[in-house]
Amino acid sequence: MNPDATPAALQAQVSGSSFYAGMRVLPQAEREAMYAVYGFCRIVDDIADDQQGNPAGRAAALEEWRRDIDALYAGEDPGQASLVARAVERFRLDRADFHAVIDGMAMDVEQDIRWPDFATLDLYCDRVASAVGRLSVKIFGMPEGDGKLLAHHLGRALQFTNILRDIDEDAGIGRVYLAREHLEAAGVSLTTPEALANDPKVDAAARTLAVHAQAHFKEAQAILKRRPPGHLIAPRLMAAVYSPILDRMQTQGWAPPRRRIKVNKTALIFTALRLWLFR
């Protein structure tokens, strides 16, 4: 399959995402590059989450993407990776970060992730979130040092927040991303995802992960407050939207039954407008 890499098609792919408001205010070249990176991430994520496909077929599909990425960087026919070819050339994106994203998706395909130790969870978040951040900050034009730090902290903050928000949805497909150490310390029995999600003691484990998420948000905000060079509206928007979601979850707690807190799309648009006006 060769994904349509035209600007209009890429915009259509990303338009339903909460990231869209932050991307659309970027200059055209940066905006289209971000659409392409998002399109790549969306496709490989869909492969990893395809509950209808068998693991061998999903793993093969991810490996095909890896080969096409390698072909792109080798100057050969990039196949599917033509989706990101223009972004790679213009912004000198690192092949290792595309590989890292694929590696993260492969972790979901090899086996349904259930209560990984924290080191494995952190590695997973680096691959599926911070690696995307490393691609993004190069497009934003940030200096390498601040860019990589921001990708590290904001990527983990966002991914930890999503994990805490999606406990029930993940359990429904046989996955638990909460760390083993946190669950065991809370006295949660590691039996099945469904039983774990229904255990009131999961609240204590979730609160421990929330502390890590808050620490990463704090570090990310400190970098953004220094106002390093680059187009910072998109990362500022994500921090401004997702940090309050974490706060609301901490107030609500994670004892079942849980109410999933959603992004308010209207508030997101107004936040984007405010950040653009006062950048």
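The values are calculated or read from the model by the stated rules, or taken from the named source; none is laboratory data. Worth saying up front: this structure is predicted, and the values here are computed from it rather than measured. Heads up, the Cβs are rebuilt from the backbone with ideal geometry, glycines too, and the neighbour counts pull from every protein chain shown. We work out accessible area using only protein heavy atoms, side chains counted, and drop any ligands, DNA or RNA first. Shrake-Rupley method; radii C 1.70, N 1.55, O 1.52, S 1.80 Å.
Laid out as a table, the results:
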{"read-out": "Of all residues in region 40-80 being among the small types (Gly, Ala, Ser) and not in a helix (DSSP H, G or I), the one that is farthest from ASP112 (Cα to Cα)", "value": "GLY75"}
{"read-out": "Meets criteria (within 30 Å of LEU183 (Cβ to Cβ) and assigned to a helix (DSSP H, G or I)) for ALA100", "value": "yes"}
{"read-out": "Answer residue from region 191-242, given it is at pLDDT 95 or above and among the hydroxyl-bearing types (Ser, Thr, Tyr) and is surrounded by the fewest Cβ atoms within 10 Å (Cβ to Cβ) among those", "value": "THR191"}
{"read-out": "Answer residue from region 171-190, given it is assigned to a helix (DSSP H, G or I) and without any contact (Cβ under 8 Å) to a residue 24 or more places away in the chain and is least open to solvent (accessible area, probe 1.4 Å) among those", "value": "GLY172"}
{"read-out": "Check on MET249, closer than 30 Å to ASP50 by Cα, open to solvent by less than 40 Å² (accessible area, probe 1.4 Å) and at pLDDT below 95", "value": "no"}
{"read-out": "Options VAL44, VAL88, VAL84, VAL37; residue that is aliphatic (A, V, I, L, M), closer than 20 Å to LEU123 by Cβ and buried (at least 20 other Cβ atoms within 10 Å of the Cβ)", "value": "VAL44"}
{"read-out": "Any chance ALA215 is without any contact (Cβ under 8 Å) to a residue 60 or more places away in the chain and under 20 Å from ALA129 (Cβ atoms)", "value": "yes"}
{"read-out": "Region 60-86: number of residues that are of a type in the set (D, E, K, R), over 14 Å from ALA36 (Cβ atoms) and touching a residue at least 40 places away in the same chain (Cβ under 8 Å)", "value": "0"}
{"read-out": "Scan of region 132-149 for residues that are more than 22 Å from GLY39 (Cβ to Cβ) and either at pLDDT below 95 or part of a helix (DSSP H, G or I) (or both), ordered by number", "value": "GLU144, GLY145, ASP146, LYS148, LEU149"}
{"read-out": "Top-ranked residue of region 215-260 - restricted to ones that are outside any helix (DSSP H, G or I) and closer than 24 Å to SER136 by Cβ, ranked as nearest to the chain's Cα centre (by Cα)", "value": "LEU232"}
{"read-out": "In region 105-131, residue least open to solvent (accessible area, probe 1.4 Å) [restricted to those that are part of a helix (DSSP H, G or I) and either acidic (Asp, Glu) or under 16 Å from HIS231 (Cα atoms) (or both)]", "value": "ASP108"}
{"read-out": "Flag if ARG165 is farther than 18 Å from PRO257 by Cα and open to solvent by 10 Å² or more (accessible area, probe 1.4 Å)", "value": "no"}
{"read-out": "Residue within region 257-269 that is at pLDDT 95 or above, open to solvent by 10 Å² or more (accessible area, probe 1.4 Å) and hydroxyl-bearing (Ser, Thr, Tyr) present", "value": "no"}
